[in-house]
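Take a look at the structure set out below.
The values are calculated or read from the model by the stated rules, or taken from the named source; none is laboratory data. Being a predicted model, the structure only gives us computed values, none of them experimental. No Cβ is skipped: glycine too gets one built from the backbone with ideal geometry, and neighbour counts run over all protein chains shown. Surface areas here come from the heavy atoms of the whole protein model, side chains and all, with no ligands, DNA or RNA. Shrake-Rupley method; radii C 1.70, N 1.55, O 1.52, S 1.80 Å.
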Amino acid sequence: MLRFLTAGESHGKGLVVIIDGVPSNIPLKQEDFDSYLAERQKGYGRGGRQKIETDRAEIISGIRFGKTTGAPVSVFIKNRDFENWAAKMDAWQRPAGLEELNIPRPGHADLSGGIRYNHKDFRNVLERASARETAARITAGALAVKFLKMFDVEVFGFVDAIAGVAAQYSKDAPVKEIKKLAAQADAASQACLRFPDKNSVSNVKAAIDMAVKEGDTLGGVLKIITSELPPGLGDYTQWDKKLDARLAMALMSLQAVKGVEIGAGFAYASATGSAMHDEIFHSAKAGYYRKTNNSGGIEGGMTNGNQLEIKAALKPISTVLKGLKSVNVKNKKAVKTVYERSDVCAVPAASLIAETIVAFELAKAFQEKFGSGDMDYILSNYENYRKYLKKYRG
Ligand SMILES: Cc1cc2nc3c(=O)[nH]c(=O)nc-3n(C[C@H](O)[C@H](O)[C@H](O)COP(=O)(O)O)c2cc1C
C-alpha cells in the first residue's frame, strides 16, 4: 500500500522522500515532479526564499527508463540556499560565535517543540517544522496525481477565499471549468493566485499588498475538487478506513491548516435534513444520480459517485514583520519576535500542495479497492468494477 516518509530541514542539504508501495509501470517524466515543485514556489505573497530555490526532483531509486519498477521511489530535492547555511547547519561542528534563536515565535512549533525535545535554540525545531518540508511531500503527491490520471481522475486545488474575499463561481462547476476560471483570473491579474474569479482577483491582490505594507500576514480558505469518482472507495466498516476521516487527517497535517470541511460541512449544522441531503434518483441513462452535492461526494466514509469537494482553512502566516510578544527563554525577559525572511500569504501554494495531498489519499483508496503490484493488473480490476457498476445500476 502507498505510504511515504519525508526527512530534511529547511536550510539543510535538502529534502528526501521515500514513497513505498508504488505499483510498477506508471509512466513518469522528470517534468511530472518538477512542474509541481516549480508551481509550489509561486504565488502572490510569497517571500524571498522562493527566488533562491529552483527545486528539482533528483530520482534516487524506483524509476527506470521512465517507468516505476515497483521498488520504493526515493527522491532528493536539494536546498540551493544550503551554501549560505553550511556552517550553521553543520552536522558536527558548531561555528564559534553562532547566535542561538532563544525567542519562540507565536503560531510556530518553536516553544512546544523546544519543550518536547529539550531545545532552547529553536532553530533545532523550526528547521524541521517549516513548510519547506512540503517540497518533499508534493513530490509524493505528484506521483499520486499521475497514478490517478490512469483512471481518468483529475484533482485540482485552488484558492476559495483570502482576507474575506471569496471567489464567486458556480458551485457545481466541474474541475476543467474551475481550472479555466483560475487560469483566466491569473492572466488578468498577472499573478499566480489560483483564484477562480477574475472579477474580484484584484481585491485579493490588494489585500495581500495591504498586508505587506502593514507588516502583517494573511491566511485563507482553499478548496480541492476532483472529477467524478467511482462510488465505493473508502469504507464504512471501521473508523480508520473512512475516506472522509483520512482526507481530513491528511489535510490537517499541512502546515497552518486549522479546519477541514467536506461538502456543505458546517452549513449542515444549521439546516434541516430535508433541505440538505442529496436525494437519490435513477434513470436508465445515468443510473443512480443526485441533483445536489452537499455531501461533497462522500457518504458513510465512502465516495458516492459525485465529485469530491473539500475545503481547508489556513491560519495567517505565523512570522509577522511587525513582531509579536514573546519571551526570551534564556533570561525570561519579555521581547518582540525577531523577523526572519518569510511569506506574507501562502494560500495559493498551499492549495496546490493540498491538491497533491488529496491525490495521495485517493490513490491509496484506489489501491485498496483495485489492488497493488502492477498497473495493468490494477487497471483490469478497475475495468471489471466498472462492468459490475453498470450491472448494479441496471
Ligand atoms: C506553503 C506554506 C508556506 C508557508 N510559509 C511560511 C513562512 O514563510 N513563514 C511562516 O512563518 N510560516 C509559513 N507557513 C506556515 C507555518 O509553516 C505554520 O504556521 C507552522 O508550521 C505552524 O502551523 P501549525 O500550527 O498548523 O502546525 C507556511 C505554510 C505553508 C503551507
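Some observations on this one:
- Accessible surface area normalised per residue over the chain is 50 Å², counting heavy atoms of protein chains with a 1.4 Å rolling probe.
- Size descriptors for region 303-359: radius of gyration and Dmax over Cα atoms are 18.1, 59 Å.
- Separation of region 157-189 and region 333-394, taken as the distance between their Cα centroids, equals 20 angstrom.
- Furthest towards positive pole of dipole, 388, 252, 271, structure part region 3-393, Cβ charges: 252
- Each part gets one Cα centre, and for region 269-327 versus region 53-100 those centres are 37 Å apart.
- Placing +1 on the Cβ of every Lys and Arg and -1 on the Cβ of every Asp and Glu, with no other charges, gives the chain a dipole of roughly 440 debye about its Cα centre.
- Across the alpha-carbon atoms of region 236-322, the computed radius of gyration and Dmax are 16.2, 63 angstrom.
- Computed E for residue 280/residue 213 - FRET, C-beta separation, R0 35 angstrom, nearest 0.05: 0.10
- Accessible-area composition of region 3-393, carbon plus sulfur, in percent [1.4 Å probe]: 54
- The sum of -39500 (n - 2.57) across all DSSP H runs of n ≥ 4, divided by the residue count of the chain, sets its helix-only mean residue ellipticity at 222 nm to -10500 deg cm²/dmol.
- Solvent-accessible surface ranking, highest first, for 268, 388, 36 at 1.4 angstrom: 388, 268, 36
- Ordering 153-164, 350-361 by mean Cβ neighbour count within 10 Å, with the highest value first, yields 350-361, 153-164.
- Cβ-derived FRET efficiency at R0 56 Å, residue 289 paired with residue 60, nearest 0.05: 0.75
- Counting lysine pairs in region 1-138 whose alpha carbons fall under 22 angstrom apart, excluding pairs fewer than 8 residues apart on the same chain, gives 13.
- Counting only whole DSSP H helices of the chain, the ones at least 24 Å long by C-alpha along their axis and with mean Kyte-Doolittle hydropathy no lower than 0.5 are 347-370.
- Residue 93-residue 383 pseudo-label distance in nm [points 7 Å out on the Cα-to-Cβ vector]: 6.2
- 11 Å beta-carbon shell around residue 310, net charge (K/R +1, D/E -1): -4
- Segments 80-90, 374-384 sorted - mean Cβ within 10 Å per residue, highest first: 374-384, 80-90
- Length gained on full extension, residue 168 to residue 341, computed as 0.36 nm times the residue gap minus the Cα-Cα distance: 59.0 nm.
- Taking region 43-190 and dividing mean pair separation by its residue count, relative contact order in percent (alpha carbons under 8 Å, at least six apart): 12
- Tail weight of P(r) past 32 Å, computed on alpha-carbon pairs of the chain, percent: 39
- Calculated FRET efficiency, residue 118 to residue 390, Cβ-Cβ distance, R0 = 56 Å: about 0.40 to the nearest 0.05.
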